[in-house]
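Asker: My questions all concern the structure below.
The values are calculated or read from the model by the stated rules, or taken from the named source; none is laboratory data. A quick note: this is a predicted structure, and the numbers were derived from the prediction, not measured. Cβ atoms come from the backbone with ideal geometry, glycine included; neighbour counts cover every protein chain shown. Side chains are part of the model used for accessible areas, which takes the heavy atoms of the whole protein and leaves out ligands, DNA and RNA. Shrake-Rupley method; radii C 1.70, N 1.55, O 1.52, S 1.80 Å.
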Amino acid sequence: MLTSARAVVAVLATTAMLGYLAQPVQAHSGHSHGKSLRSVAPRDLRIGTAVAGGGHHLEQPYPDPFTYDRPYRKVLAKEFSSASPENQMKWEFIHPERHRYNFGPADAIVKFARENGQAVRGHTLLWHSQNPAWLNEGTFTKAELRSILKNHIFTVVGRYKGKIHQWDVANEVFNENGEYRQENIFIRELGPGIVADAFRWAHQADPRAQLFLNDYGVEWPGGKVDAYEALARQLLAERVPLHGFASQAHLSMRYGAPDQLRGVLQRFDDLGLKTAITELDVRMDLPSGGVPTAEQLATQASYYKTVLDACLAVDDCNSFTIWGFTDKYSWVPVFFPAEGAATVMWDDFGKKPAYYVLRDTLAGARR
Ligand code: XIL
């Protein structure tokens, strides 16, 4: 029932979209018809997705998506040239006990990526969230905590040396006001200088990986973006191996279009850094019945396009990743009550207007 309702809505939305596109191109039947996102993208831009598993998936009534959903794996291989483990490289997952690592699921993603000609974005090394209980609740001296982080980085980054395109070394280190987050155990206990150390250790463990700062809420200028710019300038001045700045781009239609993102990315490009979009999704308030309206789908498509256009317009924006490609596995309904439908495909992998707009924009990109 849902599928057919959605199919009707998708057709209506395509019609609605023609209104906002400058040229009334046929969204589905341009020269990219039948092609994948990765096949039409400019050569210097990786098109990525989160690879579903771990985290909220563990509480859902389905088996591990990446391992068991064959149609899912097919779309993953066909459409994308980059893969980001959604949870499988986070501390709580890959380092569940102090003296035990769980590499199996991350290894499987890295292997799949190799077989399918995909880059991998490593996520993440220094974060306040999804850390294991042994770390959060342990009592360690400062020297111990420092060596725990250092060993973790050398072990995890070292294991995948030469196989990771980009690492989100530091994730969400600032709050909205641009202050260092005190929830981050390493920052709280060891001071903000630990951020520079994390970059240095990651670089020693894999000198070819591009090392990134990554956060949400940096799609518009403000205190958080200012704090990242100041940090980036400082790290570069101290010759710390920082290579990029990334906007997660978890967007909600409640807060308006991301029309200042290009300017934000440009500020970091101007510092000589690479930039990336790492976790794009666009959630909306679902009408009763759960099916988005044609207008909502058109607005969603326009947000996706604005983010892609921002990346395409900035010289060294080299990686564009969406946080999952199907609503079937999206984190959004689990974390944002009453919001959903945030990805570019329905549960059955049917394509929404946002998918076609991304593909047409990639196909038409000049750079
Ligand atoms: C989310 C995952 O999608 C969920 O499966 C998990 O339960 C919680 O984390 N910022 C990040 C991502 O950097 O790692 C988060 O991923 C979403 C917000």
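Asker: Among DSSP bridges having both ends in the chain, what percentage is antiparallel? Round to the nearest 5.
Answerer: Percentage antiparallel, nearest 5: 10.
Asker: Over 32 Å between Cα atoms, which of Lys74/Lys150; Lys163/Lys305; Lys111/Lys351; Lys142/Lys328 qualify? Don't skip to the end; give the middle numbers.
Answerer: On the way: Lys74/Lys150 37 Å; Lys163/Lys305 30 Å; Lys111/Lys351 27 Å; Lys142/Lys328 43 Å.
Check vs 32 Å cut-off fails for Lys74/Lys150; Lys142/Lys328.
Asker: Considering only protein heavy atoms, what is the solvent-accessible area of Tyr216 at a probe of 1.4 Å, reported in Å² to the nearest 10?
Answerer: For Tyr216, the solvent-accessible surface is approximately 70 Å².
Asker: Separate question: Rounded to the nearest percent, how much of the accessible area of the chain (1.4 Å probe, protein heavy atoms only) is carbon and sulfur?
Answerer: 51
Asker: Once Lys and Arg get +1 and Asp and Glu get -1 on their Cβ, which of Ile109, Ala301, Gln266 lies farthest toward the positive end of the dipole of segment 4-366?
Answerer: Highest projection toward the positive end goes to Ile109.
Asker: So, one more: For the Cα atoms of the chain, what angle does the longest principal axis make with the long axis of helix 223-237, in degrees from 0 to 90, nearest 10?
Answerer: 50
Asker: Shape of segment 4-366 from its Cα gyration tensor (a ≥ b ≥ c, root eigenvalues): rounded if a/c is under 1.5, otherwise prolate when a/b > b/c, or oblate?
Answerer: prolate
Asker: Oh, and also: Probe radius 1.4 Å, ligands and nucleic acids left out: which of Val40, Val156 has the largest accessible area, and how do the rest follow? List each step's numbers first, then the result.
Answerer: Details: Val40 25, Val156 0 Å².
So, going from the largest accessible area down, we get Val40, Val156.
Asker: Something else now. Mind running the shape call on segment 113-243? Use the C-alpha gyration tensor, a ≥ b ≥ c as the square roots of the eigenvalues: rounded below 1.5 for a/c, prolate if a/b tops b/c, oblate otherwise.
Answerer: oblate
Asker: Right, another one. Please list Asp107, Asp316 from largest to smallest accessible area, probe radius 1.4 Å, with all protein chains kept in place.
Answerer: The ordering from most to least exposed comes out as Asp316, Asp107.
Asker: Roll a 1.4 Å probe over the protein chains and send me the accessible area per residue for segment 166-235 in Å².
Answerer: 35
Asker: Just report the Cα centroid separation between segment 331-367 and segment 182-218, whole Å.
Answerer: What the calculation gives is 30 Å, centre to centre.
Asker: Might you report the magnitude of the Cβ-based charge dipole of segment 4-366 about its Cα centre, with Lys and Arg at +1 and Asp and Glu at -1, to the nearest 20 debye? Mind dumping the intermediate values first?
Answerer: Details: 39 positive and 40 negative charges, 248 e Å.
Computed charge dipole of segment 4-366: roughly 1180 debye.
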